[in-house]
1. What do you reckon, is VAL96 at pLDDT 90 or above, in a helix (DSSP H, G or I) and β-branched (Val, Ile, Thr)?
2. So, of the residues in the range 65-93 that are modelled with pLDDT of 75 or more and of a type in the set (S, T, N, Q), which turns out to be least open to solvent (accessible area, probe 1.4 Å)?
Amino acid sequence: DFCAFGHPFAMRSGSKGEGEAGPVFDQFLECVQSLRRGAPASFEFTESLLALLKEHVYSRFFGNFLRDSDAERCGDDAVSVWRVVESDPGRFSSPVYDSSASRRLPVLSKPSADVELELLR
């Protein structure tokens, strides 16, 4: 979970109004998407999971994105985005995932200009 590693979601989303808003999590998701497209069998999740996270990081619906740390979320009754993911594993589990695939990702080439990334829309 990104928040467990110390990402300040509330601050970066601009919900605190502290002027330190920034698209760090969006950029992270785009990087993961690029890696996933280059080696889809190495990832257990689908593009649908990344799209769900991107859609809701600013929606203020899920508690995962409302606080800046696990300590702030402690005792929080907000809905977890992971409940949605766990309730529909078929939607978020990749059918091409291969658990025996190499843990080392291949060198990825830069996508051509005509490649359209759904996540960036």
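The values are calculated or read from the model by the stated rules, or taken from the named source; none is laboratory data. From a predicted model like this one, the values you see are computed outputs, not experimental measurements. SASA here: full protein model, heavy atoms, side chains in, ligands and nucleic acids out. Shrake-Rupley method; radii C 1.70, N 1.55, O 1.52, S 1.80 Å.
1. no
2. SER80
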